[in-house]
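The values are calculated or read from the model by the stated rules, or taken from the named source; none is laboratory data. Please read all numbers here as calculations on a predicted model, not as lab measurements. Here the Cβ positions follow ideal geometry from the backbone for every residue, glycine too, while neighbour counts run over all protein chains shown. The area values use the complete protein model at the heavy-atom level, side chains included, leaving out ligands, DNA and RNA. Shrake-Rupley method; radii C 1.70, N 1.55, O 1.52, S 1.80 Å.
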Amino acid sequence: MQGFLNLNKPFDWTSHDCVAKTRKFLRIKRVGHAGTLDPAATGVLPIALGKATRLLQYLPGEKAYKATIRLGVRTTTDDLQGEVITSQPCTGLSLERVKSALQQFVGKIEQIPPIYSAIQVQGKRLYDLARKGEDVEVPARIVEVFKIEVLDWREEEFTELDVAIACGGGTYIRAIARDLGTILQTGGTLAALTRTQSSGFHLANSITLTDLEAQLQAGTFQPLAPDAPLQHLPFITVPPTSAQKWCQGQRIPITFNVLENLLEFLRVYHEDGHFLGIGKLVNSDKDKLLIPEMVFEPI
């Protein structure tokens, strides 16, 4: 079995838990995932099956979330799973001020990941170092946020707002909640998080582990096609003789018209429509050459 599963990760499960359960349900060893989700987060977790695990590196990096940010609270983990550092109701805070502050997070920004995260520093996971009480300087990095939209605003004991965030890979929504609280001088933490889009998969088309088990019992489960999440890549179709050589690891000349400055990866297809893998064009003295980067389906 090979292809992809668009899984809706349940609350309080790690991404590794979901991979292990999928492996058990499908009785296959080669299972992987794209874009780790924290245990407290729910939503889209792309799962690769069989040979499709080799395609994970080519998936698009864009992600989207629906998040609830609680202002007036700071925690050790930047979400409600951690210990509370400070907690006080917000007063005199307006929605207009919050919206203005949120715009500082749109674009390419410098972000310091939460101390409780899976990022490695000197070969060790940050969360392991944090649990040992070690004082570690977390390096900042550049991430990109495309859009932040306020969906709802509630003023109760603590002010909460629901936001929709579209961003690039590696962006920590917990860090945005924390840093928004810092800018507003209220403190802030992430109260809830659902990933609505990840690596070409959408929440509306996802299935739960319960759905997966039911489909398997009914004999109706079909994984998504291996090239389904790769539609962001341009494609090229090659004739049978060239396709066979390419699948054997050879570079093949491309004599027909292609984009002059096409440097990105391409989906490669046989004339009969079969997906062969991922290739890349390079210039030669006479023609462009299509080189194999990853042969998915040898002929």
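Does ALA204 meet the test of being more than 18 Å from VAL44 (Cα to Cα), modelled with pLDDT of 95 or more, among the small types (Gly, Ala, Ser) and assigned by the TED database to the domain that holds THR14? No. The set of residues in the range 39-72 being under 16 Å from THR171 (Cα atoms) and assigned to a helix (DSSP H, G or I) is empty. In the range 91-112, the residue that is least open to solvent (accessible area, probe 1.4 Å) out of those that are free of Cβ contacts under 8 Å to residues at least 40 places away in the same chain and part of a helix (DSSP H, G or I) is SER100.
Could we say that ARG23 is out of contact with any Gly (no Cβ under 9 Å at 6 or more places or on another chain), open to solvent by 30 Å² or more (accessible area, probe 1.4 Å) and among the basic types (Lys, Arg) here? Answer is yes for this residue. Residues that are within 30 Å of LEU290 (Cα to Cα), in contact (Cβ under 8 Å) with a residue 12 or more places away in the chain and open to solvent by 50 Å² or more (accessible area, probe 1.4 Å) number at least 2 in the following helices (runs of 4 or more DSSP H) confined to the range 163-275: 240-247. Residues in the range 30-45 that are crowded, with 21+ Cβ neighbours inside 10 Å, within 21 Å of GLU297 (Cα to Cα) and of a type outside the set (A, V, I, L, M, F, W, C): HIS33 alone. Within the range 54-90, the set of residues being over 23 Å from LEU151 (Cβ atoms) and surrounded by fewer than 17 Cβ atoms within 10 Å (Cβ to Cβ) comprises GLN57, GLY61, THR76, GLU83, VAL84, ILE85, THR86, SER87, GLN88. Across the range 17-38, the number of residues qualifying as of a type in the set (Val, Ile, Thr), closer than 27 Å to ASP78 by Cα and not in a loop (DSSP other than H, G, I, E, B) comes to 1.
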